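The values are calculated or read from the model by the stated rules, or taken from the named source; none is laboratory data. A quick note: this is a predicted structure, and the numbers were derived from the prediction, not measured. Here the Cβ positions follow ideal geometry from the backbone for every residue, glycine too, while neighbour counts run over all protein chains shown. The accessibility values were calculated without ligands, DNA or RNA, using every heavy atom of the protein model including side chains. Shrake-Rupley method; radii C 1.70, N 1.55, O 1.52, S 1.80 Å.
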Amino acid sequence: MFRKQLLGAINGKELAVEQREQMFEMMSASKIHMGHCIVKILHILASTYIYLYAVCMDGTPPAYNLDPGSGAGSRSWIVNLEGGAWCNSVKTCRLSKGTGRGSSDHMEKEIAFTGIMSSSRAVNPDFYNWNRVKIRYCDGGSFAGDAYNKEAGIYFRGQRIWNAVIKHLLSIGMASADQVLLTGCSSGGLAVILHCDQLRAFFPPAAGGRQTTVKCLSDGGLYLDAVDISGGRSLRSYFGDIVALQGIPHSLPGSCTAHLDATSCFFPQNIIKDMKTPLFILNAAYDVIQISLSLAPDRADPSRSWRTCKSNRSACNASQMNFLQGFRDQMVSSVQGFSQSRSNGLFISSCFAHCQSEQLGTWNNVPGRSPTIQNKGIAKSVGDWYYNRAEVKAVDCRYPCDKSCHHIM
């Protein structure tokens, strides 16, 4: 099994960034374990003082899973940022800390690669033979935090995990990639938007003018700053807690924080218009996670009048459905400026769903499987966009017009 060590301090003194990077490159590496087994990036503890470079919430090293590419895909890479919600308080983060969402000691050692991560040519014709990497999620802040809660002993080092793992992947072959696609769903989809331009910066033009093609796919990550059913902004409050607790402001795009507060800049709608790297947004217009977390959370619904509607769309009354249609319209409006760029792609389905790129039932070209817009499914749409075979700006009509959806509520 491959191991690479990161050194953050010597004799308790923090190293300069340049020193860390030099030591990172100098440290030796053996061959990667071929398959889906977790490969951990380890840190060294120096002296009696501990400076941790990139760690999960409990201080364990970050991890990723790899399925190596082959043939024509050996110089192409998919880097997938695992999703899995957030934690917005010491209490909720302490709960995550003892699970696979906060500790690499508790992660599954092998995981299935499905959908866009699949090695099946039939299921995933455009990316099946690429190097496919899933960076495991153990920071609770979409790979963007940089703080430490001493009282609770919780590390929020998502941004450092991102930097460390990407540098490591570059050192084992990704630096010479012809093509790279950054993907992720849910909190991982939000992380894609936050880190897309950062990834592009790791690939400067090479000698002779060769340029790596870098693009990004955000699935289920278009979280909106929406008004909830009580007239408040539940998700804004929740995101605000995350941003403050985890020290996220410094990781946010300067193009946004120059004119908006940090919480606003954690919302993709305020970031995407200024992104420089080609981005494909895949989202359900009736995103079931946003319905539960943002639009109708329990604290905004003390009478529990939305309880049945949130679990069964057929039980929503006319007023509730009208509210959901307004949310759909807000989502469509939020991407209008973004969609004007020919380099960007869009697939907004009218499904009650969430995370559609990593599921076998929604990512493939088999008739009757993937949701379709204008007779084109998700896998074909993303592939056409990535390879510039066609411009893809697909926005579905309002529910219930689309009969190809795989609704999950």
- Query: In the full protein assembly as shown, how much of Glu108 is accessible to a 1.4 Å probe, in Å² to the nearest 10?
  - Reply: 100 Å²
- Note on the structure: Debye calc, one equal point scatterer per Cα of the range 36-395, no solvent, log10 I(q)/I(0) at q = 0.07, 0.12, 0.14 1/Å comes to -0.29, -0.89, -1.22
- Message: As an exercise, identify the chymotrypsin sites (Phe, Trp or Tyr not before Pro) in the range 148-177 lying in DSSP coil whose Cβ has no more than 11 other Cβ atoms within 10 Å.
- Response: none
- Note on the structure: If amide H atoms are modeled at 1.01 Å from N in the peptide plane, then the residues at a separation of 5 or more from Thr372, or on another chain, having amide H under 5 Å from its own are Ser404
- Multiply the residue gap between Ala390 and Ser74 by 0.36 nm, knock off their C-alpha separation, and tell me the result in nm, one decimal place. 111.3 nm
- Item | Within the range 136-251, percent of DSSP bridges classed antiparallel, to nearest 5 | 30 percent
- In percent, what relative contact order does the range 36-395 have, based on Cα pairs under 8 Å that are 6 or more apart in sequence? 16 percent
- Item | Residue pairs, from the table Lys109/Lys380; Lys215/Lys310; Lys167/Lys215, whose Cα atoms sit over 26 Å apart | Lys109/Lys380; Lys215/Lys310
- Given backbone amide H placed at 1.01 Å from N, residues whose amide H is under 5 Å from that of Leu182, ignoring those fewer than 5 places away on the same chain, are Val79, Lys215, Cys216, Leu217
- Query: If you take every DSSP beta bridge whose two residues both sit in the range 36-395, what share of them, in percent to the nearest 5, is antiparallel?
  - Reply: 30 percent
- Ile161 accessible area, nearest 10 Å², 1.4 Å probe? 0 Å²
- Per DSSP, loop chymotrypsin sites (Phe, Trp or Tyr not before Pro) in the range 376-409 with at most 15 further Cβ within 10 Å: Tyr387
- Message: If you fit an axis through the alpha-carbon atoms of helix 234-245 and take the longest principal axis of the Cα set of the chain, what angle between them do you get, 0 to 90°, nearest 10?
- Response: 10 degrees
- Task: Answer rounded, prolate or oblate for the range 167-274, using the Cα gyration tensor with square roots of eigenvalues a ≥ b ≥ c: rounded when a/c is under 1.5, else prolate when a/b is larger than b/c, else oblate.
- Result: prolate
- Message: Rounded to the nearest angstrom and ordered from largest down, what semi-axes does the equivalent ellipsoid of the range 230-351 get from its C-alpha gyration tensor (root of 5λ)?
- Response: 28, 20, 10
- Message: Rounding to the nearest 10 and keeping the result within 0 to 90°, find how far the Cα-based axis of helix 187-201 lies from the longest principal axis of the chain.
- Response: 50 degrees
- Estimated [θ] at 222 nm from DSSP helical runs (n ≥ 4, -39500 (n - 2.57)) normalised by residues in the chain, nearest 500: -7000 deg cm²/dmol
